[in-house]
Structure formats: C-alpha cells, structure tokens
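Comments concern the structure below.
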Ligand SMILES: NC(=O)c1ccc[n+]([C@@H]2O[C@H](COP(=O)([O-])OP(=O)(O)OC[C@H]3O[C@@H](n4cnc5c(N)ncnc54)[C@H](OP(=O)(O)O)[C@@H]3O)[C@@H](O)[C@H]2O)c1
C-alpha cells in the first residue's frame, strides 16, 4: 500500500489518481476532508502531529511525503521519518524544492530523509505552473493580472508531471538515494503565461506590470514575509541554475514535460 500525503494538493491529487489507475492500493492523507478517486481511501492526518499519521501507515510499504511551508514552520520532519521507519515503511519519496540546491532553503528540509536508512528519493522541483492560480480571482473578475518582472522567464513545471515522476519512483526500481531536480520543458515569462491563459479562455486578459514593492505588498496578504521576499528574488533575479531546463522529466518519463499552455488549457475553468 502507498500513502500519499498532501493528497488534496496540486501534486498529491494527480499522484493519487495515477497510482490508483496503475492498480495500486492507495491511502490519501490530508488535514481536511477531500475527494479522492474511487479506489483510494482518504484519512485525515496532520504532519505536524506525527502520531495522527499512525492509522494511515498500517500496512504501508511506501510514502510520498511533502514539505509544505506550514509543516516545515511548525512540524518536525525527523519525527515523521522516525514514525515511518517504526511503522515498517521501506520507501519514501520526498517532495522538496529546487531551493535546497540553490541555497534558498536550508538542507534541513531534506536531511532527516537522507539520513533515515529508508530507500529514499528526493524530488526538487522549481516553481509550479499552478502558482498562477494566485491570479485566478483577478482574471475571473477583471480579466487583468498585476504581477512584477513580466519578461523574466523561468522553466515552471506542471504539478501533474511531478506526480508522474513520483508515481514512477514509488512503483519502480533504481531510484534509491537519488535526487531529481525537476523543471518544465521551457522557460516561460509571466507575460507569456497571461497570454496562454487568455488563449485558453478565448478572451483578452490584460497584463499590468507591478513594481517589486507593489507585488510584495500584495503577496504579504497571503504569504509570510520571508516567503514573499525569496519568491520575489527568484521571480526577479533568478540564478542561471533556476533558469536552466532540467533533463530529468523527459529522462524519467520518456516524454517531454507539459508546457504551461497545456496546463492553462486543462485548468481554464478556474479562470472563467
Ligand atoms: N508551488 C511551488 O512553486 C513549489 C516549488 C517547489 C516545491 N514546492 C513544494 O510542493 C508542495 C506542494 O506545493 P503547492 O504549493 O502545490 O501546495 P498545495 O497543492 O496547496 O498542497 C498542499 C497539500 O498539502 C496538505 N498539507 C499541508 N500541510 C499539511 C500538514 N501539516 N499535514 C498534512 N497535510 C498537509 C494540504 O491539504 P490540507 O490543507 O487539507 O492538509 C494539501 O493537500 C509543498 O511541499 C511545497 O514546498 C512547491
């Protein structure tokens, strides 16, 4: 049995679907109730309270573990890893972040998993296509996106591709002790993303370039200061590493990663 934490999230949802479709027995975990595909069972648990995971781990051979901002701020990954080992879990796939490679996040985000003695694999994605859900309300109500650094392109990734990689690693062999840096297939700028959303809607969407200060003020309404500042650093002055397209998705999946326009077409309803 495979346990998927963050099962209602951008990666967890398609991952549960992919595993069920592949015939795996899946337990989907999140803090709140959520719909899961037929064939998976849903259990509520909070990673910041590791013992709450215990029922979900009964009979689990592998776990997909996420490191949400809320969990890393308030939780203890070491305690979760200890519980996995004590419960007889053998394999763990950690959804980390490219930020650990680039020094924007601390190695402690991954260290307990790397030192766990389990068959571990670390996934380090860059920014997700789905971060543009931040724009959904403004697109729905005013057909406008206000955002900074309109022409700075980054190879954002489709969370469904991260899910496909996670499913391949959870079900396959030869991935133990590996760290995979994951990006999308091509750099895409915010201006290009807005144009792709407009194409998906079949209606114009106006892009309004914000200053960094204006964007920061808006971001602080829904993210902590430290996250807003590091997000703005990546969006405005990315390092060469953050701009580079990684070959890992095509190598692991045998197909190219899905471009932003593909994600926008599949998720147009959120912007309508
Ligand atoms: N977005 C990016 O650009 C990006 C880039 C690199 C890495 N990442 C990593 O990718 C992951 C998902 O990111 P996302 O932005 O796409 O988030 P998301 O889809 O909103 O996923 C969050 C999921 O985690 C669950 N969750 C959150 N805290 C939890 C906790 N304490 N215990 C159990 N479940 C918890 C949430 O469900 P409930 O709220 O119901 O619990 C939800 O299912 C995060 O680990 C993030 O660090 C994201």
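Which ones in the range 73-87 are surrounded by fewer than 18 Cβ atoms within 10 Å (Cβ to Cβ) and within 30 Å of residue 244 (Cβ to Cβ)? Scanning the range 73-87 gives a single hit, 73.
Given the structure, is residue 90 surrounded by fewer than 18 Cβ atoms within 10 Å (Cβ to Cβ), in contact with a strand residue (DSSP E or B) (Cβ under 7 Å, 6 or more places away or on another chain), farther than 30 Å from residue 266 by Cα and in contact (Cβ under 8 Å) with a residue 12 or more places away in the chain?
yes
If you go through the range 112-158 and keep only what is touching a helix residue (DSSP H, G or I) at 6+ places or on another chain (Cβ under 8 Å), within 16 Å of the ligand (Cβ to nearest atom) and assigned to a helix (DSSP H, G or I), you end up with 112, 113, 129, 130, 132, 133, 135, 136.
Every residue, every condition in (1) at pLDDT 95 or above; (2) within 30 Å of residue 240 (Cα to Cα); (3) out of contact with any helix residue (DSSP H, G or I) (no Cβ under 9 Å at 6 or more places or on another chain), yes or no:
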{"position": "2", "(1), (2), (3)": "yes, no, no"}
{"position": "28", "(1), (2), (3)": "yes, no, no"}
{"position": "36", "(1), (2), (3)": "no, no, no"}
{"position": "62", "(1), (2), (3)": "yes, no, no"}
{"position": "68", "(1), (2), (3)": "no, yes, yes"}
{"position": "93", "(1), (2), (3)": "yes, yes, no"}
{"position": "98", "(1), (2), (3)": "yes, yes, no"}
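Checking 203, 181, 217 one by one, the residue that is part of a loop (DSSP other than H, G, I, E, B), more than 16 Å from residue 131 (Cα to Cα) and modelled with pLDDT of 95 or more is 203 and no other. The number of residues in the range 201-258 being in contact with a strand residue (DSSP E or B) (Cβ under 8 Å, 6 or more places away or on another chain) and farther than 20 Å from residue 183 by Cα comes to 9. Looking across 26, 36, 11, one residue alone is more than 8 Å from the ligand (Cβ to nearest atom) and closer than 20 Å to residue 266 by Cβ. It is 36. Out of the range 211-222, which residues are surrounded by 14 or more Cβ atoms within 10 Å (Cβ to Cβ) and closer than 27 Å to residue 266 by Cβ? If the condition is that a residue be surrounded by 14 or more Cβ atoms within 10 Å (Cβ to Cβ) and closer than 27 Å to residue 266 by Cβ, then 215, 218, 219 are the ones that fit.
For the residues 82, 58, 86, the requirement of being away from the ligand (no atom under 11 Å from the Cβ) and within 22 Å of residue 15 (Cβ to Cβ) singles out 58.
Filter the range 246-270 down to the residues that are in a loop (DSSP other than H, G, I, E, B) and more than 17 Å from the chain's Cα centre (by Cα) and list them by number.
Across the range 246-270, the qualifying residues are 247, 254, 255, 256.
Going by the conditions given, is residue 198 surrounded by 15 or more Cβ atoms within 10 Å (Cβ to Cβ) and in contact with a helix residue (DSSP H, G or I) (Cβ under 7 Å, 6 or more places away or on another chain)? Taking the combined requirement at face value, the residue does not satisfy it.
The values are calculated or read from the model by the stated rules, or taken from the named source; none is laboratory data. All of these numbers come straight from a predicted model, not from anything done at the bench. Here the Cβ is made from the backbone with ideal geometry for all residues, glycine too, and neighbour counts use every protein chain on show.
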